[in-house]
Amino acid sequence: MSRYCYLILVLFAVFATQALAQTAQGQQFTYTTDNFIVVAPDPAFAKQVGNEAERFRRELAIQWLDAELPRWSEKCPIQVTLAQHAGGETSFAFMYNGQQRGEPSGWDMKIFGTPERLLDSVLPHEITHTIFATHFRRPLPRWADEGACTTVEHMAEKKKNHGMLIHFLTSQPSRGIPFNRMFTMKDYPQDILPLYAQGFSVAKFLIMEKGRKHFLDYVNAGMDMETPGNELRGWSQATRKYYGYEDLSELQVRWERWVAEGSLEKEIPSNRERFASLVGSGGQSSYEDSPRADVSRIESEASPEAEFKARPGNRMASLNEGWYAKQMKVGRRYRPVERETKKPTTAIGNDSKTIWR
């Protein structure tokens with residue numbers, strides 16, 4: 001063999017080896033369940049994520065709704081990316097078909113983070129969003145949706161949110177959000193982290209009073225009682241009916257007092273016997289809030305704000321391209337006649353994403 005031919009063969013072998021290595025590095029594996037299609041860089045982890053997604057979907061639905069969800073008409077794809085920082089995004093559209101409420105369609109979920117945080121925080125958070133969408137069949141207020149979904153995360157993540165809340169409330173000027181603005185928010189504010197931290201705290205405060213199902217009934221009633229130009233009156237009426245506070249102002253005062261006293265934990269009211277019979281957990285939920293979080297170490301940890309800003313894809317435009325924007329762009333022709341606008345109908349597409357974490 002001539003030296004020239006030998007050199008050609010060597011170069012071909014080198015290029016082939018590099019190509020195989022790059023292919024292996026970027027290889028993706030798929031695992032399918034009844035309701036999910038998981039794509040991940042490792043086959044065993046893809047299977048684990050798929051099985052955990054089904055478990056979260058079943059057990060969390062029982063916790064929130066006292067019943068499992070029926071199988072979706074279309075599977076929800078989950079794209080898994082291993083990364084240092086944790087987060088996720090889920091998008092879908094409500095297809096109203098002339099009804100007041102619509103079936104969620106076009107599921108698309110992306111999660112990223114370490115394997116541990118993906119499984120104990122990001123995945124249950126995102127699955128809870130899909131449970132709420134299936135149950136309510138319409139968008140929820142931002143504070144209620146994000147706040148309630150954060151309550152199912154790992155205690156370490158909830159401690160971060162509590163630490164941020166104290167920081168925001170004690171900042172000068174305060175970065176806390178008045179309830180008369182927070183309860184009617186349809187889009188994420190520019191200063192988004194206070195919404196996450198405060199929404200989580202308010203949701204937990206209300207859930208500990210009368211349970212998860214009662215909280216969801218309250219949110220549903222608040223949305224039903226909203227009327228254009230009088231949204232606050234509707235929420236005050238719902239607050240009075242479901243929790244006994246005169247209005248949102250009294251609720252805010254009581255919540256602030258609870259936070260000032262240390263956000264003391266108490267057992268969440270629930271139908272433990274029913275939960276035990278359905279999931280065989282002996283009545284003890286895997287997601288019950290732990291005893292009061294120790295936030296003394298929060299200040300010494302990496303800044304949660306810096307961590308949030310370091311996460312991929314956290315553009316404000318993306319944050320507000322979620323349910324509401326997608327509903328306007330994608331699902332307009334499926335909306336009830338009385339809600340139609342004079343804007344031109346936009347064809348169905350999948351161009352909108354919501355970063356939920």
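The values are calculated or read from the model by the stated rules, or taken from the named source; none is laboratory data. Remember, predicted model here, so these are calculated numbers, not experimental data. Please note: Cβ atoms are built from the backbone with ideal geometry, for glycine as well, and neighbour counts cover all protein chains shown.
The table for this structure:
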| item | result |
| --- | --- |
| Residue check, Trp235 at pLDDT 50 or above, over 16 Å from Lys204 (Cβ atoms) and under 25 Å from the mean Cα position of the chain (by Cα) | yes |
| Selection from segment 102-132 of residues that are under 20 Å from Met223 (Cβ atoms) and either of a type in the set (Lys, Arg) or modelled with pLDDT under 95 (or both) | Gly102, Glu103, Pro104 |
| Considering residues of segment 209-256 that are closer than 25 Å to Thr128 by Cα and out of contact with any Phe, Trp or Tyr (no Cβ under 9 Å at 6 or more places or on another chain) only, the residue surrounded by the most Cβ atoms within 10 Å (Cβ to Cβ) | Gly211 |
| Qualifying helices (runs of 4 or more DSSP H) (wholly inside segment 111-180; at least 3 residues being under 17 Å from the mean Cα position of the chain (by Cα) and of a type in the set (D, E, K, R)) | 142-150, 155-170 |
| Matching residues in segment 126-172 - criterion: being of a type outside the set (A, V, I, L, M, F, W, C) and touching a strand residue (DSSP E or B) at 6+ places or on another chain (Cβ under 7 Å) | Glu126, His129, Thr130, Thr134, Arg137, Arg138 |
| Counted residues, segment 22-53 - those being at pLDDT 95 or above, surrounded by fewer than 15 Cβ atoms within 10 Å (Cβ to Cβ) and either within 20 Å of the chain's Cα centre (by Cα) or not in a loop (DSSP other than H, G, I, E, B) (or both) | 5 |
| Residue count for segment 108-163, restricted to those that are surrounded by fewer than 24 Cβ atoms within 10 Å (Cβ to Cβ), of a type in the set (A, V, I, L, M, F, W, C) and within 15 Å of Gly50 (Cα to Cα) | 2 |
| When residues of segment 56-79 are limited to those that are outside any loop (DSSP other than H, G, I, E, B) and either of a type in the set (Gly, Ala, Ser) or in contact with a Gly (Cβ under 9 Å, 6 or more places away or on another chain) (or both), the one surrounded by the most Cβ atoms within 10 Å (Cβ to Cβ) | Ile78 |
| Within segment 56-95, considering residues that are of a type in the set (Ser, Thr, Tyr) and more than 16 Å from the chain's Cα centre (by Cα), the one farthest from Phe29 (Cα to Cα) | Ser73 |
| Condition broken by Asp187, with the remaining ones in (1) buried (at least 23 other Cβ atoms within 10 Å of the Cβ); (2) touching a Lys or Arg at 6+ places or on another chain (Cβ under 8 Å); (3) not hydroxyl-bearing (Ser, Thr, Tyr) satisfied | (1) |
